[in-house]
1. Just the C-alpha atoms of the chain: what Rg/Rh do they give, with Rh taken as the Kirkwood radius?
2. So for each of 119-132, 306-319 I average, over its residues, the number of other beta carbons within 10 Å; can you give me the resulting order with the highest mean first?
3. If you take the alpha carbon radius of gyration of region 152-295 and divide it by 2.2 N^0.38 Å, what ratio comes out, to two decimals?
4. Show log10 I(q)/I(0) for region 38-147 at q = 0.23 Å⁻¹, two decimals, from a solvent-free Debye sum over equal Cα scatterers.
5. Which whole-angstrom value gives the distance between the alpha carbon centres of region 100-140 and region 257-335?
6. Among DSSP bridges having both ends in the chain, what percentage is antiparallel? Round to the nearest 5.
7. If Rh is defined by the Kirkwood formula over all Cα pairs and Rg also comes from Cα, what ratio Rg/Rh do you get for region 302-380?
8. Rounded to the nearest 5, what is the percent of antiparallel bridges among the DSSP beta bridges in region 152-295?
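Coordinate-derived values only; no laboratory data. Bear in mind that the values here come from a model prediction, so they are computed numbers and not experimental data. No Cβ is skipped: glycine too gets one built from the backbone with ideal geometry, and neighbour counts run over all protein chains shown.
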């Protein structure tokens, strides 16, 4: 019994020794690294030194707390509650430097603390925190412009609506883009542009999802691409959408259920999509105050004065169906496929019913006053150039 008891004690002792002799591989290194970064002191100790009478001591504590990284964030945030302006300023500046070291998509850590302090605080604490956030946004914005430009993303003045010459600040992603989706993470840091155009290869889900994270985004145009419900759903996260345009976009399934949940406030254009007629009616009923243009995508290619009481052609778009049919500026369209045309809106309504490549018959009044002649022309409707 004595031998058995001794053996039992020996086995227990060996097991205990083994249990303490094999800690996780990184435990000693992590502990040693933290000790080295803190110079053998605690984070709380170095927080106290931010208020030291010695300038060099305050400087040293700032350096050490910054090296401590995430481990010091909570203590630094707490330190900003002190009434000492020196401590508040130093703690927030350290948080600012830690924040810019985070991933551009990481809103936790120091970024989260600074955001909370800026929102909840009054007086110097809030002012310094808001200034720090402003500096971060400014720096990230500069980096975003540079990264996106290098990737072939257009950022500048351009037209937004193809039929309007008005220039506006916008971002356009098209075939000039190098295809690097990862670089589009920077879009969330573009805070001063509210308009985006996606063309061709860029008109797809993963690109739209990054675009939808832009904080000021209110105008979106999507041209010649394919979207699934996943991509379209990303637009439901916006605060509001003033203008939304789909030109020749095909959806993997009927988009009605998603579109009716979008925060539309001004206009929706769906030109040449595969939206069915039932979905179009549902969307119109959902947004009675929103300007709607939902068509099959056929395009004649004329411009007219929408305030006039007749449909007089002001200009003919080069290369369009109208030019090919022989329509000229000054012609007054009076009939389309036998139906009277009183103004430009009548013309738009009739063209909206037609399919791409459909042949139509147009009767125009050509020439001045009483000398005008009626001319009948045939046009094959095409697609609008939305590049």
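1. On the way: Rg = 32.7 Å, Rh = 26.4 Å.
Computed over Cα atoms, the ratio is 1.24.
2. Numbers: 119-132: 16.0, 306-319: 14.3.
So the peptides 119-132, 306-319, ranked by packing, come out 119-132, 306-319.
3. Values: Rg = 14.2 Å, N = 144, 2.2 N^0.38 = 14.5 Å.
The value comes to 0.98.
4. With no solvent term, the Cα-only Debye profile gives -1.24.
5. If you average the Cα positions of each part, the centres end up 46 Å apart.
6. Values: 26 of 52 bridges.
Roughly 50 percent of the beta bridges in the chain run antiparallel, per DSSP.
7. Numbers: Rg = 11.6 Å, Rh = 12.5 Å.
Expressed as Rg/Rh, it is 0.93.
8. Values: 6 of 32 bridges.
Antiparallel bridges make up about 20 percent of those DSSP assigns within region 152-295.
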